[in-house]
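We did not get these values from a lab; they are worked out from the coordinates using the rules stated. Remember, predicted model here, so these are calculated numbers, not experimental data. Don't worry about glycine lacking a Cβ; one is built from the backbone with ideal geometry, like all the others, and counts go over all protein chains shown.
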Amino acid sequence: MVAVERLVEAYRAFAANGASGAPSWLKELRDGAIACFDTLGFPTTKQEAWRFTSVAPLLDTPFELAKPVPGTRYPVPADIEPFLLGTGPRLVFVNGFLARPLSTPLSDGVRLDGLAQALIDTPDLVRQHLSKYAAFTDRPFAALNTAFVRDGAFVHVPAKVTIEEPIQLLFLATPVDGVRVVAHPRNLIVLEREARATVVETYAAVDDKGGGVYWTNAVTEVVAGDGARVDCYRVQRESDRAYHVAVTDVHQGRDSTVNLHAVSFGAALARHDLRGTLAGPGGYLILNGLYVLAGEQHADHHTAIDHAAPHCESHEYFNGVLDGRSHGVFNGRIIVRPGAQKTDSKQTNNNLLLSREAHADSQPQLEIYADDVKCTHGSTVGPLDPKALFYLRSRGIGEAEARRLMTYGFAAEILNRMDVAPLRAQLDRIVRARLAE
Amino acid sequence: MLDVKGLRVSVAGTEILRGVDLTVKAGEVHAIMGPNGSGKSTLTQVLAGHPAYTVTAGTATYDGKDLLALKPEERAREGLFLAFQYPVEIRGITNSYFLRSAVNALRKHRGQEELDPLDFLQVLEEKLKAIGWDDTLMNRPVNEGFSGGEKKRNEILQLAVLEPRLALLDETDSGLDIDALKTVAQAVNKLRAPDRSFVIVTHYQRLLNFITPDVVHVLADGRIVKSGGPELAHELEAKGYDWLRAGAMVS
């Protein structure tokens, strides 16, 4: 396939130039990953995991590997202002590379810096975790990201340290003249034993007149040590014509808590694979997701919660609001390994269809190999409930307003589970603006 | 206040109301009793404007206006209220947000300024105090996870806040234990006013032990077959509905 060859060729150039100074373990990792991608190729709709999502448009576009944007072309502070959630620490990336002048890295105890810098400053720490959680042997896009691994966010919180303010990771795409770029941001978030932090990852476009075509292929690995708690928020509000492919893999130790929120508003084609592995007993995981789509947008969320240890609890809620001719895909896999007794796992996926042409595919997938467990799942696809509509109208609320209110409530149900007030307010404004269209 | 004449109503091709006549004056409390399937709930739903029902004949005049020509929201804005037999869940919307939206829709219609969240909270607290309830239901999504009693209480709370001129209560007593029934009845009694009328639909007489109606009607097979004073309810409790149904067939 031409597209695969083009990428393997790009990798050779990358390995010879940009990546030539890397330590040998990293070179091996990259070489192994590109070989894996070369073997796997791009997925097709004949593969179960890609049945409802065709990546053909991605293959038809010749993307060039993003380069660091010259300082003179950086977004200015005013560009990032609308995304900021306060004065907490932040990293800003432009086309996948750390924009140091816009960022506030930390190096005292807590480490917050670009992955490229972390590979120089704390190579052992990076090596200990990088690519240890996000498997790529059966995931071509993760393999591709790993082959081109270079920069991204590196967050390390030492044992028993709590960071109160949310850490913001802002990934901005900015147009490059005459070129369609692909960026492979690679993020590593490590919380040691009993550490606590909140991380907000946002993907967006700046200076985006008319909606740029670009491709983000991101991988984020999150490690929560024993007794750690991490609240991860992920907001995808890419340009309407962008492609967004991402993997988020969370690895949880004993008695750890992870709240993972994922909101998807943007991109022409979005695919997000989220996997949480409860590796130690007493782990608690919440997956809370929302996709709001319109026009021709397509978003596919594939989630997997792997109960590998006993006495863990997971709750998963995904709501989709689909208008126009949009297509939402949800696949929710729950795996309960042999011996993972007393597992308590609940999953729901509700899809609201606002137009006749909108479409949703929802697939729960339970694989249970233990006998003393509680697992429930439910999914719905349908228009607004006419009974609820009449109820609201019978209280004096006009029909159009009642529809808006119910649609808003459908999205708010997910947003209300978020603890970061300024982020919730920001997302609330986006949802309201979308409903007013 | 309300004048229903010869009202005939069908749903999905089946006639349920077969010529109902009902006149309710300002300040009156009317009870409508009757066996299951007699059309009691249909009557309240039709008066509130439920789109699933088709009116095939008759009229309903409210305050001199043709009620049947108004949309459900317009009826509510004119002061009509239906306490649902099965209140509906509105996911993601808190009770207080929902109630404020409803209050503001009514205020806007009356040319009054809309209430901001703080003003509304004040109004709400006054209303809760007046009926002796607390605000535990207010920050939960509308009816979601509510017990049967909480749902019914929530309907009466809406009635108190929206201050309708004509309140239709559809089997508000069903599914309530005796304590919950008393709580709801006491709240309704506090809301009785010279310019507010009630039509209370019930299958059982027990609610009428706590709310004394001015008029009691018996609805059977889609028609009002008997009307009388409060004592009629006691008679029905003792004798059941069959004697009236047989009579209705004959007439």
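Residues with amide H under 5 Å of B:VAL20's amide H, sequence separation 5 or more or different chain, H placed in the peptide plane at 1.01 Å from N; which?
B:GLY6, B:LEU7, B:ARG8
Determine ³J(HN,Hα), in whole Hz, for all residues of the range B:13-20 in sequence, where each value follows from phi through the Karplus function 6.51 cos²θ - 1.76 cosθ + 1.60 and θ = phi - 60°; x replaces Gly and Pro.
Values, residue by residue: x, 9, 7, 10, 9, 10, x, 9 Hz.
Given a 10 angstrom Cα cut-off, can you work out which residue in A:ASP372, A:ASP249, A:ASP306 is the most mobile in a GNM of chain A?
Between A:ASP372, A:ASP249, A:ASP306, it is A:ASP372 that shows the largest mean-square fluctuation.
I'd like the mean, over residues of A:384-390, of how many other protein chain beta carbons sit within 10 Å of each residue's own Cβ.
5
Using each residue's phi in the range A:117-124, evaluate 6.51 cos²θ - 1.76 cosθ + 1.60 at θ = phi - 60° and report the 3J(HN,Hα) Karplus result to the nearest Hz, with x for Gly and Pro.
5, 5, 5, 8, 6, 9, x, 5
For the range A:328-397, what is the largest minus smallest coordinate of the Cα atoms on each principal axis, given in angstrom and ordered from greatest to least?
The principal-axis extents, from largest down, are 54, 28, 11 Å.
Positive end of the dipole of the protein assembly as shown, charges at C-beta (+1 Lys, Arg; -1 Asp, Glu), about the Cα centre: which of B:PHE81, A:ALA3, A:PRO89 has its Cα farthest in that direction?
Value computed over the given set: B:PHE81.
When Cβ neighbours within 10 Å are restricted to other protein chains, what is their mean count per residue of peptide B:95-104?
So the per-residue partner count for this stretch is 3.
Using the C-alpha gyration tensor of the range B:1-101, what are the square roots of 5 times its eigenvalues, in whole angstrom, with the largest one first?
The answer is 24, 17, 14 Å, longest axis first.
Scan around B:ILE200 for amide H atoms under 5 Å from its own, H built in the peptide plane at 1.01 Å from N, and keep only partners 5 or more places away or cross-chain.
Long-range HN contacts for B:ILE200: B:HIS30, B:ALA31, B:ILE32, B:LEU169.
Which helices, taking whole DSSP H runs in chain A, have alpha carbons extending 15 angstrom or more along the helix axis plus mean Kyte-Doolittle at least 1.0?
Correct list, ordered by number: empty.
Given C-alpha coordinates of the range B:110-205, what is the ratio Rg to Rh with the Kirkwood estimate of Rh?
0.97
Sequence gap of 8 or more, or different chains, plus Cα separation below 26 Å: how many lysine pairs satisfy both in the range A:2-280?
Final tally of qualifying lysine pairs is 4.
Give me B:PHE120, A:PHE390, A:PHE148 ranked fewest to most by other Cβ atoms within 10 Å of their Cβ, as a rough exposure proxy.
With the fewest neighbours first, B:PHE120, A:PHE390, A:PHE148 line up as B:PHE120, A:PHE390, A:PHE148.
Measuring from the lowest to the highest alpha carbon on each principal axis, how far does the range A:384-437 reach, largest first, in angstroms?
The principal-axis extents, from largest down, are 35, 22, 17 Å.
Only bridges with both residues in the protein assembly as shown count here: give the DSSP antiparallel percent, nearest 5.
For the protein assembly as shown, the DSSP antiparallel bridge percentage is about 20.
Cα-based Rg (one decimal) and Dmax (whole number) for the range A:119-262, in Å?
15.7, 51
Order of A:ARG254, B:ARG110 from fewest to most other C-beta atoms within 10 Å?
Arranged by neighbour count, lowest to highest, A:ARG254, B:ARG110 become B:ARG110, A:ARG254.
If you take the C-alpha gyration tensor of the range A:1-133, multiply each eigenvalue by 5 and take the square root, what semi-axes do you get, largest first, in whole Å?
Values for the range A:1-133, descending: 30, 21, 16 Å.
With only Lys, Arg, Asp and Glu charged, each at its Cβ (+1 for the first two, -1 for the last two), find how big the charge dipole of the protein assembly as shown is about the Cα centre; round to the nearest 20 debye.
It works out to roughly 640 debye.
For the protein assembly as shown, what does -39500 (n - 2.57) per DSSP helix run (n ≥ 4), summed and divided by total residues, give at 222 nm, in deg cm²/dmol to the nearest 500?
Per the formula, -8500 deg cm²/dmol.
Please arrange A:THR277, A:THR376, B:THR42 by how many other C-beta atoms lie within 10 Å of their C-beta, fewest to most.
Lowest to highest Cβ neighbour count: A:THR376, A:THR277, B:THR42.
Given springs between every Cα pair under 10 Å in a Gaussian network model of chain A, which of A:GLN117, A:GLN47, A:GLN426 has the largest fluctuation?
In the Gaussian network model the winner is A:GLN47.
I need the per residue convex hull volume for chain B, using only the alpha carbons, in cubic angstrom as a whole number.
125 Å³
Take the Cα gyration tensor of the range B:78-164, multiply each eigenvalue by 5, square-root it, and list the three semi-axes largest first, rounded to whole angstrom.
Over the Cα atoms of the range B:78-164, the ellipsoid semi-axes are 20, 14, 13 Å.
Please report, for the Cα atoms of the protein assembly as shown, the Rg to one decimal and the Dmax as a whole number; what are they, in angstrom?
Rg, Dmax (Cα atoms, Å): 30.8, 101.
On alpha-carbon atoms, Rg over Rh for the range B:140-188 using Kirkwood Rh?
That ratio is 0.95, to two decimals.
Less than 15 Å apart at the alpha-carbon level, and either on another chain or at least 8 residues along: which aspartates and glutamates does that give for B:LYS127?
B:ASP119, B:ASP135, B:GLU155, B:GLU163
Provide, as a two-decimal number, the C-alpha radius of gyration of the range A:196-354 over 2.2 N^0.38 Å, N being how many residues it has.
Computed over Cα atoms of the range A:196-354, the ratio equals 1.08.
Using 7 Å Cα-to-Cβ label points, what is the A:LYS346/A:ASP428 separation (nm, one decimal)?
The answer from the label model is 2.4 nm.
Can you give me the long-range amide H partners of A:GLU64? Hydrogens built in the peptide plane at 1.01 Å from N, cutoff under 5 Å, separation of 5 or more residues or another chain.
A:ARG180, A:VAL181, A:VAL182
Less than 15 Å apart at the alpha-carbon level, and either on another chain or at least 8 residues along: which aspartates and glutamates does that give for B:LYS65?
Filter leaves B:ASP3, B:GLU73, B:GLU74, B:GLU78.
Specify the residue with the greatest mean-square fluctuation among A:GLY32, A:GLY289, A:GLY266, computed from a Gaussian network of chain A linking alpha-carbon atoms under 10 Å apart.
Looking only at A:GLY32, A:GLY289, A:GLY266, the largest GNM fluctuation is found for A:GLY32.
Could you estimate the translational diffusion coefficient of the range A:2-280 from the Stokes-Einstein equation, with Rh from the Kirkwood formula over C-alpha pairs, at 37 °C and 0.692 mPa s, in whole µm²/s?
174 µm²/s
Leaving out same-chain residues fewer than 8 places away, which lysines sit with a Cα under 22 Å from that of B:LYS71?
Output for B:LYS71: A:LYS387, B:LYS5, B:LYS40, B:LYS108.
In the protein assembly as shown, with Lys and Arg counted as +1 and Asp and Glu as -1 at Cβ, which of these residues, B:THR54, A:PRO70, A:ASN350, has the Cα nearest the positive end of the dipole, that is, farthest along it?
Positive-end residue among those listed: B:THR54.
Would you mind calculating the gained length between B:ILE178 and B:THR61 on full extension (0.36 nm times residue separation, minus the Cα-Cα distance), in nm to one decimal?
38.6 nm
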